[in-house]
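I have placed the structure first, in the form of structure tokens, so that the comments after it can refer back to it.
The values are calculated or read from the model by the stated rules, or taken from the named source; none is laboratory data. Because the structure is predicted, anything quoted here is derived from the model rather than measured. In this analysis, Cβ positions are derived from the backbone assuming ideal geometry, glycine residues included, and neighbour counts consider all displayed protein chains. Areas reflect the complete protein model, heavy atoms only, side chains present, ligands, DNA and RNA absent. Shrake-Rupley method; radii C 1.70, N 1.55, O 1.52, S 1.80 Å.
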Amino acid sequence: MSIHSLQTGPVTGLPVPVLTSYLEKGLGKVRLLSLSTALTLAERDTLEPLSRRVSLDQRETLFSQDEPACSVFNITSGALRMYRILPDGRRQVTGFAFPGDFVGLSMLDRHAVSADALSPLTACRFDRLAFRNLLGGHPGLMMHLHEITGQELSRAKDMMMLLGRRTADEKIAAFLTGLQARYVRIGRSSVTLELPMGRLDIADHLGLTIETVSRTLSRLDRDGCILIVPGGVRLIDQPRLDRMSAH
């Protein structure tokens with residue numbers, strides 16, 4: 001696995017206080033929680049009063065590895081990169097979060113990863129203790145969030161399998177089709193995929209070198225599987241990508 005060095009020392013974004021009640025704008029309630037979240041409207045109504053808005057600039061850090069886990073976050077816009085710094089200073093990108101995703105649901109006492117913004121980002125922050133106490137009184141909501149956590153664990157398991165004996169082409173295809181499925185769930189384009197993460201991020205996520213990622217994307221472009229466009233890729237030969245990612 002190729003895991004590249006990264007210098008640390010980022011700036012942590014601070015929460016900006018907002019009213020816990022909704023702001024009426026004529027067309028309905030202005031919600032802080034992402035409309036892309038898997039929660040129902042009733043579940044969002046339950047959580048909204050606990051939320052505070054957090055805004056980050058690109059490359060600012062939401063939380064750092066090993067610091068106390070005092071909050072749970074729901075991403076409302078932008079994209080988040082999650083990574084670990086290993087004892088030898090190398091970096092392993094463990095995943096990416098997009099609008100609707102919850103971060104910190106594991107309820108560990110300390111963060112196992114660092115998380116920073118790939119682009120300007122907003123999120124809802126929930127105090128961890130208040131969040132846990134609220135779930136104790138709403139078993140249905142607690143079960144739904146457990147299901148979401150289970151989906152995250154399933155994605156992590158799939159990633160472990162992906163890092164096994166697959167070729168670079170298969171890893172890139174699986175990454176793109178997996179990203180496509182996530183974009184579909186949040187209402188984004190499923191043909192032209194935005195790639196807020198860089199080639200190095202993809203390499204550190206898939207256990208490849210940045211050179212291999214660049215060569216593989218260029219080869220898939222030449223072969224007509226994808227079309228590299230500014231800021232992302234367009235999926236051209238979906239059946240072939242699906243076959244490659246299913247190996």
Inset, instruction - Only residues that are at pLDDT below 90 and among the small types (Gly, Ala, Ser): list them for the range 72-95, please. - result: GLY89
Inset, instruction - Would you check which residues across the range 216-239 are touching a residue at least 24 places away in the same chain (Cβ under 8 Å) and either surrounded by 14 or more Cβ atoms within 10 Å (Cβ to Cβ) or among the aliphatic types (A, V, I, L, M) (or both) and list them? - result: THR216, LEU217, ARG219, LEU220, CYS225, ILE226, VAL229, GLY232, VAL233, LEU235
Inset, instruction - Quick one: count up the residues across the range 199-215 that are open to solvent by 40 Å² or more (accessible area, probe 1.4 Å) and in a helix (DSSP H, G or I). - result: 6
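Listed here are the residues, each with its yes/no results for (1) open to solvent by 30 Å² or more (accessible area, probe 1.4 Å); (2) modelled with pLDDT under 80; (3) under 15 Å from VAL103 (Cα atoms).
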residue	(1), (2), (3)
LEU121	no, no, yes
ASP127	yes, no, yes
GLY136	yes, no, no
GLU147	yes, yes, yes
LEU153	yes, yes, yes
MET160	yes, yes, no
LEU176	no, no, no
LEU179	no, no, no
Inset, instruction - Look at ARG185 and say whether it is open to solvent by 20 Å² or more (accessible area, probe 1.4 Å), at pLDDT 95 or above, on the phi < 0 side of the Ramachandran plot and not acidic (Asp, Glu). - result: no
Inset, instruction - Scan the range 78-131 for residues that are within 23 Å of ARG199 (Cα to Cα) and of a type in the set (D, E, K, R) and jot them down. - result: ARG81, ARG84, ASP88, ARG90, ARG91, ASP101, ASP116
